[in-house]
Amino acid sequence: MELTVLSVPDCPNAAVLDERLAIVLAGRPEIVVTRRVIDDEEQAVRYGMHGSPTLLVDGADPFADPRVPASMSCRLYRGTGGRVDGAPSVIELRRALETPTS
């Protein structure tokens with residue numbers, strides 16, 4: 001499994017995503033997270049960043065709305081119960097990593 005975190009420079013929610021991924025990946029040293037800073041809209045489109053931060057699991061964004069184009073905007077995640085946050089919750093991340101991508 002390949003995980004990539006895409007973010008714009010100085011994105012405060014990238015650190016939140018990193019903290020939550022560390023919890024989810026504890027005891028799973030075989031999974032390596034690559035981090036890529038996206039500097040322009042062209043890169044956002046090329047790498048599939050739907051706002052910052054974006055998590056790609058094997059190249060796919062498990063949280064993306066297919067109707068939303070790639071962008072360098074600040075990303076908000078709507079969780080269970082309508083909660084809005086700057087990164088997916090630990091529970092949502094675990095669910096995304098357990099669900100095979102196609």
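In table form, for the structure just shown:
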| item | result |
| --- | --- |
| Within segment 47-91, considering residues that are farther than 13 Å from ARG36 by Cβ and among the β-branched types (Val, Ile, Thr), the one surrounded by the most Cβ atoms within 10 Å (Cβ to Cβ) | VAL57 |
| Hits in segment 3-31 (condition: surrounded by 11 or more Cβ atoms within 10 Å (Cβ to Cβ) and farther than 19 Å from SER89 by Cα) | VAL8 |
| Residue identified as acidic (Asp, Glu) and more than 17 Å from GLU2 (Cα to Cα) among ASP65, ASP61 | ASP65 |
| Segment 70-102, residues that are out of contact with any helix residue (DSSP H, G or I) (no Cβ under 8 Å at 6 or more places or on another chain) and assigned to a loop (DSSP other than H, G, I, E, B) | LEU76, ARG83, THR99, PRO100, THR101, SER102 |
| Sole residue being over 17 Å from SER7 (Cβ atoms), of a type in the set (A, V, I, L, M) and over 11 Å from the mean Cα position of the chain (by Cα), chosen from ILE38, ILE31 | ILE31 |
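A short reminder: the numbers here are calculations on the coordinates, not readings from a lab. Treat the numbers as computed from the prediction; the structure is a model and nothing was measured. Every residue, glycine among them, receives a Cβ derived from its backbone with ideal geometry; neighbour counts consider all protein chains shown.
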